[in-house]
1. Do we have any residue at all in the stretch 67-78 that's buried (at least 19 other Cβ atoms within 10 Å of the Cβ), out of contact with any Ser or Thr (no Cβ under 6 Å at 6 or more places or on another chain), under 23 Å from Phe123 (Cβ atoms) and aliphatic (A, V, I, L, M)?
2. Look at the stretch 153-205 and say how many of its residues are touching a Gly at 6+ places or on another chain (Cβ under 7 Å) and touching a residue at least 12 places away in the same chain (Cβ under 8 Å).
3. Would the stretch 93-112 turn up any residue that is surrounded by 15 or more Cβ atoms within 10 Å (Cβ to Cβ), acidic (Asp, Glu) and either over 17 Å from the mean Cα position of the chain (by Cα) or assigned by TED's automatic domain parsing to the domain that holds His158 (or both)?
4. Just to verify a result, which residue in the stretch 1-30, among those that are surrounded by fewer than 11 Cβ atoms within 10 Å (Cβ to Cβ) and not hydrophobic (A, V, I, L, M, F, W, C), is farthest from the chain's Cα centre (by Cα)?
5. Restricting attention to the stretch 149-185, and to residues there that are part of a loop (DSSP other than H, G, I, E, B) and within 18 Å of the chain's Cα centre (by Cα), which single residue is surrounded by the fewest Cβ atoms within 10 Å (Cβ to Cβ)?
6. Would you check which residues across the stretch 116-137 are in contact with a helix residue (DSSP H, G or I) (Cβ under 7 Å, 6 or more places away or on another chain) and touching a residue at least 40 places away in the same chain (Cβ under 8 Å) and list them?
Amino acid sequence: MTRADLAEKREEILQTIRDAAIAEFAAHGFHGASTQGIAQRAGITKNRLHYYITSKDALYAEALRHIVALQEQQFHGIDMTQPPEPFLRDYIGRKLRHVLAYPDTARMFTAEIMRGAPVLRTFWHESRDATMRAAQVIEGWVRNGLIRPVDPVLLQIHIWALTQQHALHGAETAFMLGLPGPEALDPDRLAEEIAALVLTGLRPA
């Protein structure tokens, strides 16, 4: 096996461990999660897990960094020069499909926020930078009369709340809609409802 093959194999194992860690932290929180539980989810022994990680704390921080990077990627590929409606429909659709596909990332992130974001605060500024760039786009829409005056940061937070709801409380949404479970939720339907609500609220007076 070549050095490149070994590096690729190691990266695959690290990805498996990271995914297992996110699932474990999402299910039990930082204090309730254990390296034994992470190892079991990853399908490896606890001893082998510790060969790849330095500590539970370091793995937790790495998992959070990965989640923040995934959140920022949801802007990638979106034409920032679009008018409000196509831009927001695209963004809301991307965000909703992501949280429905990877609900554990939303649960772990939310759990960290609820305990005061002690770890997230050390590198959260990167996410805020992306938020402020989007805020500049929203302010441009307001100046050009394309949407009513709004707080550009709060608008983004409200969109996050609407989309995160279905990852955090998918079972409730499914029950209220008469569906068998969260896996039966239709992301297109949910995205359309959220987009319609947001865009109606943004119409200029």
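1. no
2. Residues that pass the stated criteria total 4.
3. Residues of the stretch 93-112 surrounded by 15 or more Cβ atoms within 10 Å (Cβ to Cβ): 93-100, 102-109, 111-112.
If we keep only those that are acidic (Asp, Glu) as well, we get 104, 112.
Going one step further and asking which of them are either over 17 Å from the mean Cα position of the chain (by Cα) or assigned by TED's automatic domain parsing to the domain that holds His158 (or both), we end up with 104, 112.
Among the residues of the stretch 93-112, at least one is surrounded by 15 or more Cβ atoms within 10 Å (Cβ to Cβ), acidic (Asp, Glu) and either over 17 Å from the mean Cα position of the chain (by Cα) or assigned by TED's automatic domain parsing to the domain that holds His158 (or both), which makes the answer yes.
4. Of the stretch 1-30, the ones surrounded by fewer than 11 Cβ atoms within 10 Å (Cβ to Cβ) are 1-7, 11-12.
Within this subset, residues satisfying the condition of being not hydrophobic (A, V, I, L, M, F, W, C) are 2-3, 5, 11-12.
Values: Thr2: 35, Arg3: 33, Asp5: 31, Glu11: 22, Glu12: 21 Å.
Checking each candidate, the answer is Thr2.
5. First, pick out the residues of the stretch 149-185 that are part of a loop (DSSP other than H, G, I, E, B): 149-151, 169, 177-181, 185.
Subsequent filtering for residues that are within 18 Å of the chain's Cα centre (by Cα) retains 169, 185.
Values: His169: 14, Leu185: 18.
By that ranking, first place goes to His169.
6. Scanning the stretch 116-137 gives Val119, Leu120, Phe123, Glu126, Ser127, Ala130, Ala134.
The values are calculated or read from the model by the stated rules, or taken from the named source; none is laboratory data. For clarity, every value in this text was computed on a predicted model and none was experimentally measured. Here Cβ is always computed from backbone atoms with ideal geometry, including for glycine, and neighbour counts include all displayed protein chains.
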